[in-house]
């Protein structure tokens with residue numbers, strides 16, 4: 001049983017990678033964006049109050065705990081933007097004996113800005129306002145040296161990266 005906690009800025013490619021990891025390794029997939037949508041909340045691109053994020057994280061924790069209690073590993077699709085939040089999820093996984101790996105999707109800001117601009121034209125997903133994105137970049141806390149972290153870049157092919165970096169034993 002394993003737990004993969006995605007970490008990276010909005011529009012960095014976390015969801016694509018998280019879904020691929022969950023599928024390839026037969027893990028439960030938990031997404032904060034999906035939880036917010038189920039709750040009828042506007043996606044985070046307009047900004048959500050802290051108490052709404054906290055309620056969504058509580059739901060994510062419940063879903064992760066259910067997966068772990070059933071002996072199933074999981075992938076959490078979220079920005080993982082704060083160290084304290086990553087620590088909280090790691091502690092949950094530890095209680096169930098699930099080793100945690102932070103998967104840091106390290107996409108350059110210029111590539112992210114290009115994705116945001118392309119999304120304005122295509123509308124394939126909810127956008128993010130400049131003010132919310134600027135605050136997100138400023139407040140984002142990348143993984144620290146003491147966190148068990150693997151790094152993926154946008155140049156990595158998701159399937160090949162998983163095969164090369166995430167053993168399936």
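The values are calculated or read from the model by the stated rules, or taken from the named source; none is laboratory data. Source: prediction; values computed, not measured. So basically every Cβ, Gly included, is an ideal-geometry build from the backbone, and we count neighbours across all protein chains shown.
Is there a residue in region 88-104 that is touching a helix residue (DSSP H, G or I) at 6+ places or on another chain (Cβ under 8 Å), farther than 17 Å from residue 2 by Cα, surrounded by 12 or more Cβ atoms within 10 Å (Cβ to Cβ) and at pLDDT 90 or above? No, region 88-104 contains no residue that is touching a helix residue (DSSP H, G or I) at 6+ places or on another chain (Cβ under 8 Å), farther than 17 Å from residue 2 by Cα, surrounded by 12 or more Cβ atoms within 10 Å (Cβ to Cβ) and at pLDDT 90 or above. Of all the listed residues (17, 64), the sole one being over 21 Å from residue 157 (Cα atoms), in contact (Cβ under 8 Å) with a residue 60 or more places away in the chain, under 15 Å from the mean Cα position of the chain (by Cα) and in a helix (DSSP H, G or I) is 64.
The single condition among (1) closer than 16 Å to residue 13 by Cβ; (2) modelled with pLDDT of 85 or more; (3) part of a helix (DSSP H, G or I) that residue 159 does not satisfy is (2). Among the residues making up region 75-87, a single one is surrounded by fewer than 17 Cβ atoms within 10 Å (Cβ to Cβ) and not in a helix (DSSP H, G or I): 82.
The residue of region 38-61 that is surrounded by the fewest Cβ atoms within 10 Å (Cβ to Cβ), among those that are closer than 20 Å to residue 14 by Cα and either touching a strand residue (DSSP E or B) at 6+ places or on another chain (Cβ under 9 Å) or at pLDDT 90 or above (or both), is 38. Restricting 135, 72 to residues that are in a loop (DSSP other than H, G, I, E, B) and either touching a residue at least 12 places away in the same chain (Cβ under 8 Å) or more than 23 Å from residue 16 (Cα to Cα) (or both) narrows the list to 72.
In the set (1) over 18 Å from residue 22 (Cβ atoms); (2) buried (at least 16 other Cβ atoms within 10 Å of the Cβ); (3) touching a helix residue (DSSP H, G or I) at 6+ places or on another chain (Cβ under 7 Å), the condition left unmet by residue 141 is number (2).
Among the residues of region 21-36, those that are within 25 Å of residue 117 (Cβ to Cβ) and touching a strand residue (DSSP E or B) at 6+ places or on another chain (Cβ under 9 Å) comprise 31, 32, 33, 34. Residues that are in contact (Cβ under 8 Å) with a residue 12 or more places away in the chain and not in a helix (DSSP H, G or I) were ranked within region 105-124; the one that is surrounded by the most Cβ atoms within 10 Å (Cβ to Cβ) is 105. Here residue 17 does not fit the description of being within 21 Å of residue 129 (Cα to Cα), surrounded by 14 or more Cβ atoms within 10 Å (Cβ to Cβ) and modelled with pLDDT under 95.
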